[in-house]
Amino acid sequence: MTTVHDDLPHPVPAFAQLRYKENYFFILIAPESGAFGVIHLNHEPGHDRARYTANFEIGGRSIRYANTTAFPDTFEYARTIGDGALTLHFAEPHQRFELRLESDAIDIALRFTARHPTFDYAACRTAGNAAPSFQEVMTLGLNLPYNHQQQALDVSGHARFVDGPEIAIRGSGYRDHSWVIRADAGALRHNWCGLNFPGRSFGIKTLETSFRPGHVAKEGYVVDADGLRALRRIEVHSEGEMPDGLCAKLVHEVTDVFGNAYRIESDVAGRFAHVPLVSEAPVGKVGFHIVENFCPLRLTTTGERGEGLVEIGRSSAIGGAYA
């Protein structure tokens, strides 16, 4: 049947916003060194584009780097990627990574080494988690590729300002690696966290999109001396609100596949530092705002103290608190 409106320009379908991209995301959390950072290497072949960004707070100073290039000619299985100023070298996959930023203001050299093994989020699909998967929510139930891995890391290195002394860096962090079809511009809100304690590490993420509001994807894992395992139950809530709209505290209550329960409190109000992360659509009606919070943590189940990154994102369309 042909209608009048079918002969006119059509609404853009949600799947039109999907795109393939491969991301590498490295986090530096070094409170004793006064050094914090988020490094993002994002590759989008369909747009013939690669974006390289680094946001640091080191020695009380802010360092911001951003560059966009054409998609690399030699990308497939490359051992070194970057734009020349910001480079990532896979010295030993899953074990050791070397990252360098050389700019007019600073020279940063970091070595990331395995704190725990790499977790593949594909394991969450058979963990009995009642929440929908990120693949289901992000690819609109189309069963398109959605691959994501995360690994807790130790970090060492140095930063040398052009006009100042060299700062030794030692701390923890983590990395994300994803090669996916996804639509960041369709997100309503998300929390994406890497949480390190002396005896264990967690990776926990939640996401709600404008395509399926109220349908919240939840995935995560814990790793300790007993090995890697997916989380079966994930509940997240916020407490308090700061003037910038961020919650004062983010609380995770999770249970792994074997029934072990954990409660993690992230002190966002008492964060060591925070930096922005520029999304693919930072402004406009699908604008999405992301704040990277380097936070002290408390694992109330055991009393352990730790440090982690609490990434909180919110669409400009919904207003209100971030979490």
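A short reminder: the numbers here are calculations on the coordinates, not readings from a lab. Source: prediction; values computed, not measured. Methodologically, a virtual Cβ is constructed for each residue, glycine included, from the backbone with ideal geometry; neighbour enumeration extends over all protein chains shown.
With the simple spin-label model, which puts each label point 7 Å out from Cα in the Cβ direction, the residue 255 to residue 64 separation comes to 4.5 nm.
A simple spin-label model places the labels of residue 215 and residue 179 2.7 nm from each other, with each point 7 Å out along Cα-to-Cβ.
Annotation for residue 125 and residue 71: the two label points, set 7 Å from Cα along the Cα-Cβ direction, are 2.4 nm apart. In this structure, the amide hydrogen of residue 174, modeled 1.01 Å from its nitrogen in the peptide plane, lies closer than 5 angstrom to those of 27, 153, counting only residues at least 5 positions away or on a different chain. Take each peptide in 5-11, 57-63, 268-274, 219-225, count the other Cβ atoms within 10 Å of every residue, and average; sorted highest first, the result is 219-225, 268-274, 57-63, 5-11. Neighbour counts of other Cβ atoms within 10 Å put 297, 28 in the fewest-to-most order 297, 28. For the stretch 135-147, 3J(HN,Hα) computed residue by residue from phi via the Karplus equation (6.51, -1.76, 1.60; θ = phi - 60°) reads 4, 5, 6, 6, 9, 6, x, 8, 6, 7, x, 8, 10 Hz, glycine and proline entered as x. Peptides 144-152, 235-243, 210-218 ranked from most to least packed give 144-152, 210-218, 235-243, packing being the mean of other C-beta atoms within 10 angstrom over each peptide's residues. Computed from the C-beta positions of residue 107 and residue 241 and an R0 of 35 Å, the FRET efficiency is 0.35 to the nearest 0.05. Before rounding to the nearest 500, sum -39500 (n - 2.57) across all DSSP H runs of length at least 4 in the chain and divide by the residue total; then give [θ] at 222 nm in deg cm²/dmol. So the calculated ellipticity at 222 nm is -500 deg cm²/dmol. In this calculation the C-beta distance from residue 47 to residue 318 is compared with R0 = 22 Å, giving a FRET efficiency of 0.25.
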